[in-house]
Amino acid sequence: MRILLLLSESWNDQTAPNNNMSNWFTGFPDAEIWTISGSSFPPSNNCCTHYFLISEGEMLRSLFTRIRAGKEYLQDTNDISPNVEFLTDMTERKAFKNRFSGELARLCRDLVWRYGKYDLDALEHFIQCCKPDIIFSQRKGSVKMCRMEQIVSSMTDAPMVAYTGDDEYSLRQFSLNPLFWLRRFWTRSWLRRSIPNYKLFYCQSRRQMEEFQRLFAVPTKFLVKCGSFDGSRVHTDVAEPIRMVYAGKLYCNRWKTLNTIIDAIETIHLQLGRQAFQLSIYTADKLTKQQSRCLNRGESAHVYPPVAANILPNIYAKSDIALHVEGLDIRNRLLTQDSFSTKVMDCMASGCAVMAVCWEEHAALQYLKEQDAAMTASSIEEIRLQLEKLVDHPETVCEYSRKAYQCGTNNHERRKIQEMLFDDFKRIVNE
């Protein structure tokens, strides 16, 4: 089976946010994978050799010159070290995007991707060489990706399936910026043309699945990151104080949720007259003075520099509870409502008990509650109650460590997820 992936970002396991692709397709049975990427950042993975790369800079240049955007790129999967030229380009472009962010900048980028000119001859040659059996589009809904899907679909009869990890279509968002709503309605108009063409739409939340089924009559299915679950990692004892760990970014006001947890910890410490919890935070984000003051609290909590992915399991092994948090303010509640962070599966596979602190309608929290795979809280009061229960019944940590492992082995083992994907693709190709 030849699978053509459409990606908005680079497929680089070290520097870019497409590790879901490697998570699903490493060792994928009887398949050859080709990729079209809306980025010229260096691909770096062990799954794919053939790429067609289109950069934002090339699309912008195509508006003013006759030079069209996009070129083929061949990666040696035996040597996945990033190409130096591409790596330099990636660093410069990231710095540029950081300087020009916000809704106006996003709208300008939408316009570039809408009106920029693809090298259609080179793209068609790439697709003809690929001869895809099926197309898999992985993205957050955008003008960029919808247009790419339409162009690719015009060059091949291969059926298309899609995957999303965000709220792409609903109007359940909060923003006072009119440019946000301009982009939202523009993207919705593109999605209305794109979604009915999918043979299957993978989603991370029941709400979104039901919405797409109702509005577009498109088949939907639940899909999240898979993992490797080792029973020997399951914790059978609890430290004193109970060791909690958070590893990840602080954006979308996650840091404020962590601050709320630390407030609850310090309140309990005052009541008990002793230390009951110790929270360690590992993040690559540069802290502001306010964030540093809120998150570094002596014995109760401390922020550490980021660690390499291969070191993180050792940190989890020395911890009791792995935290997953999202922002609790209205804007970020709605922004992340359909997200199922890859960190959730990492926490479940860690051997720790999992505690999720999110909005009660958050997709991951609802799933974890249904599966009884984690301790959950969606308010300041619930955070305090959960921590107080752990003080009185620390054995609950071991109980939820087992439950997280059981949920993982039952529903998210890599072999099972890959078999499901392969069977879905095979059925759609045969139809």
Starting from the amide H of Ala247, placed 1.01 Å from N in the peptide plane, find each other amide H under 5 Å away whose residue is 5 or more places distant or on another chain.
Tyr282, Leu323
Give me a comma-separated list of calculated 3J(HN,Hα) values for segment 257-263, in order, Karplus coefficients 6.51, -1.76, 1.60 applied at θ = phi - 60°, integers in Hz, x for any Gly or Pro.
5, 4, 4, 5, 5, 5, 4
Farthest towards the positive end of the dipole of the chain, among Ser170, Gly227, Tyr316 and with Cβ unit charges of +1 on Lys and Arg and -1 on Asp and Glu, lies the Cα of Ser170
Stokes-Einstein D (µm²/s) once Rh is taken as the Kirkwood radius of segment 348-404 over alpha-carbon pairs, at 20 °C in 1.002 mPa s
187
Solvent accessible area, Å² - Phe222, 1.4 Å probe, full protein context:
70
Rounded to the nearest 10 Å², the 1.4 Å probe accessible area of Lys199 is 110
Which far-off residues, 5 or more places away or on another chain, put their amide H under 5 Å from the one on Leu328, with H placed in the peptide plane?
Thr257
Under a Gaussian network model of the chain whose springs join Cα atoms within less than 10 Å, the largest fluctuation of Ser170, Ser101, Ser379 belongs to Ser101
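Treating the beta-carbon of each Lys and Arg as +1 and of each Asp and Glu as -1, no other charges, what is the dipole magnitude of segment 362-417 about its Cα centre, to the nearest 20 debye? Intermediate values should be presented prior to the final figure.
Details: 8 positive and 9 negative charges, 88 e Å.
It works out to roughly 420 debye.
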In Å and from the alpha-carbon atoms only, list the Rg and Dmax of segment 142-199.
12.9, 42
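Suppose R0 equals 25 Å; then what is the FRET efficiency for Phe174 and Asn296 from their Cβ-Cβ distance, rounded to the nearest 0.05? Don't skip to the end; give the middle numbers.
On the way: r = 30 Å, r/R0 = 1.22.
The calculated FRET efficiency here is 0.25.
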Counting residues in the chain as N, plug N into 2.2 N^0.38 Å and put the Cα Rg over that result.
1.02
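Please list Met155, Met145 from largest to smallest accessible area, probe radius 1.4 Å, with all protein chains kept in place.
Working: Met155 40, Met145 0 Å².
Reading off the accessible areas and sorting them downward yields Met155, Met145.
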Just how far, in whole angstrom, is segment 106-159 from segment 213-259 if you go by their alpha carbon centroids?
32
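Give me the dipole magnitude in Debye, nearest 20, for the chain about the Cα centre, with unit charges on the beta carbon: positive for Lys and Arg, negative for Asp and Glu.
On the way: 54 positive and 52 negative charges, 273 e Å.
My answer is approximately 1320 debye.
Go ahead and estimate [θ] at 222 nm for the chain from helices alone: -39,500 (n - 2.57) per DSSP H run with n ≥ 4, summed, over the residue count, rounded to 500. List each step's numbers first, then the result.
Values: 17 runs with 195 residues, N = 431.
Computed mean residue ellipticity for the chain: -14000 deg cm²/dmol.
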Quick one: check the C-alpha center-to-center distance for segment 347-415 versus segment 1-67, whole angstrom.
34
Using the Karplus equation 6.51 cos²θ - 1.76 cosθ + 1.60 (θ = phi - 60°), what ³J(HN,Hα) coupling, rounded to whole Hz, does each residue of segment 394-400 give in order, writing x for Gly and Pro?
x, 5, 4, 4, 5, 4, 7
Throw me the Rg/Rh for segment 240-370, computed over C-alpha atoms with Kirkwood Rh, two decimals.
0.94
Rg (Å, one decimal) plus Dmax (Å, integer) for the alpha carbons of segment 296-337?
14.2, 35
Past 21 Å, Cα to Cα: identify those pairs from Lys71/Lys140; Lys249/Lys343; Lys71/Lys117; Lys403/Lys426; Lys140/Lys256; Lys256/Lys403, in the order given.
Lys71/Lys140; Lys403/Lys426; Lys140/Lys256; Lys256/Lys403
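The values are calculated or read from the model by the stated rules, or taken from the named source; none is laboratory data. Everything numeric in this text was worked out from a predicted model, so none of it was measured. Because the Cβ atoms are built from the backbone with ideal geometry, glycine has one as well, and the counts that use them run over all protein chains shown. Ligands, DNA and RNA are excluded from the accessible area calculation, which covers all protein heavy atoms including side chains. Shrake-Rupley method; radii C 1.70, N 1.55, O 1.52, S 1.80 Å.
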